[in-house]
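Here is the structure we will look at, set down as structure tokens.
Taken together, the values in this text are just the output of simple stated rules run on the coordinates, not laboratory data. The model shown is predicted, which means the values in this text are computed figures rather than measured ones. Neighbour counts are summed over all protein chains in view; Cβ atoms, including those assigned to glycine, are modelled from backbone coordinates with ideal geometry.
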Amino acid sequence: MKKALISGISGQDGSYLAELLISKGYEVHGIVRRASVSNTRRIDHLLHPGEMRGEFLQLHFGDVTDSSRLAALIDQIEPNEVYNLAAQSHVQISFHEPVHTSEVVALGALKMLEAVRNAGAGHTRFYQATTSEVYGNVNISPQDEKTPFHPDNPYACGKVFAFHQVRLYREAYGLHASNGILFNHESPRRGHNFVTRKITRGLARIVAGRQDKLLLGNLDARRDWGHAKDYVEAMWMMLQQASGGDYVIATGKSHSVRDFLDTSFGLLGLDWSDHVDIDPKLLRPIDVNEFIGDFSKARQAFGWEPKISLQDLAREMVMTDLLHEDVDPAQFDL
């Protein structure tokens, strides 16, 4: 039985990746930070009630900023695959917390790489979660693996550092290490402070009568949005290749925040302009005009393609948030 170690397992991507690996017969280990309140709600269904262990999933307390703990866990587990998904990944927050963001995103990745290297580069394959934010306002569209990086926020700067460390460890030490340059990917498990989930959750609360207005920032920002389920499959596929590499994972389609509002509110027959106000405090010091990814390399190398459309993604998110607000989705033509 293969063993995998996932940092950031309690997040959106980590939870879907854990499900995928378990479905493939893996023994999955996850790193979670110690907290006074449980932060494992996205993976609780994979565990025995009140325990840190399920039949195929075991959680370990730790943090990617703690080198000695990472080394101990890798020595103990001896994973075949390590997926480093841990991050402070909210762009707006990274402007307010640049030091903490860099410690987790940049140095955390380096510490994980060192732990894997010291355990023996030939045994463990390594995946690093990179982001389309590394491109910033590069003024080249679409973006692919050869597009220059121009990070425009502290989170993206940390990811550029981590990207090059992965490349260095691959070339200098022979580590089977891959960067997945993932464009925006969403789901009903997306955090409430990300714009897509903020929209679908706000919509559900408006329908339920619990909220009057939805406050947003830049409605003209354009993003390449896919579904997290599709993207974690690409992570796994990268580590099944004969050698490591760097791959853009995207849909190749760009949509604005206005488009996502149109889609989400339109599912319920509502006009979003009646419910949305602009809050200047939500505007970033620097915002990226458009992201759109070219995933040709991944398609040619291992046959990956996105399966879930933006319409279906929005529908799933809206239905889930309606249920959370005790609104029956059956009353709408979804």
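Cβ under 13 Å from LYS24's Cβ, LYS24 left aside: what net charge do those residues give with Lys, Arg +1 and Asp, Glu -1?
Result for the neighbourhood of LYS24: -2.
With θ taken as phi - 60° and the coefficients 6.51, -1.76 and 1.60, list the Karplus ³J(HN,Hα) couplings across segment 290-300 in order, rounded to whole Hz; mark glycine and proline as x.
Coupling constants for segment 290-300: 8, 10, 8, x, 10, 9, 4, 4, 5, 5, 6 Hz.
Take the chain, connect every pair of alpha-carbon atoms lying under 10 Å apart with a spring to form a Gaussian network, then pick out the residue of GLY269, GLY252, GLY244 with the largest mean-square fluctuation.
Answer for the Gaussian network model of the chain: GLY269.
Helix-derived [θ] at 222 nm for the chain: sum -39500 (n - 2.57) over DSSP H runs of at least 4, divide by residue count, nearest 500?
-11500 deg cm²/dmol
Pull up all non-local amide H partners of GLN143: gap of 5 or more, or a different chain, and H-to-H distance under 5 Å with H placed in the peptide plane.
ILE292, GLY293, ASP294
Quick one: P(r) of segment 150-292 from all Cα-Cα pairs, 5 Å bins, percents rounded to integers, in order of increasing distance.
Using 5 Å bins, I get a P(r) of 2, 8, 14, 18, 18, 13, 10, 7, 5, 3, 1, 0 for segment 150-292.
Which residue, ALA115, ALA156, ALA208, has the most motion in a Gaussian network model of the chain that connects Cα atoms within less than 10 Å?
Taking springs between Cα atoms under 10 Å, the residue moving most is ALA208.
Within a Cβ distance under 11 Å of ARG42, other residues only, what is the Lys/Arg minus Asp/Glu net charge?
Net charge around ARG42: 0.
If the limit is 30 Å between Cα atoms, which of LYS3/LYS146; LYS2/LYS111; LYS159/LYS213; LYS159/LYS307; LYS3/LYS159 go over it?
LYS3/LYS146; LYS159/LYS213
Provide Rg and Dmax in Å for segment 236-334, with only Cα atoms included in the calculation.
Final numbers for Rg and Dmax: 18.1, 53 Å.
According to the square roots a ≥ b ≥ c of the eigenvalues of the Cα gyration tensor, what is the shape class of segment 1-91, taking rounded for a/c under 1.5, prolate for a/b larger than b/c otherwise, and oblate for the remainder?
Judged from the Cα gyration tensor, segment 1-91 comes out rounded (a/c under 1.5).
Among residues other than ARG53 whose Cβ falls under 13 Å from its Cβ, what is the net charge (Lys/Arg +1, Asp/Glu -1)?
Every neighbour counted, the sum reads -4.
So what's the convex hull volume per residue for the Cα atoms of segment 28-159, in Å³?
Enclosed volume per residue, from the Cα hull, is 138 Å³.
Which percentage, to the nearest 5, of the DSSP beta bridges contained in the chain is antiparallel?
Antiparallel: roughly 10 percent of the beta bridges in the chain.
One-quarter of the Cα convex hull surface for segment 85-237, in nm²?
So the Cα hull casts an average projection of 10.5 nm².
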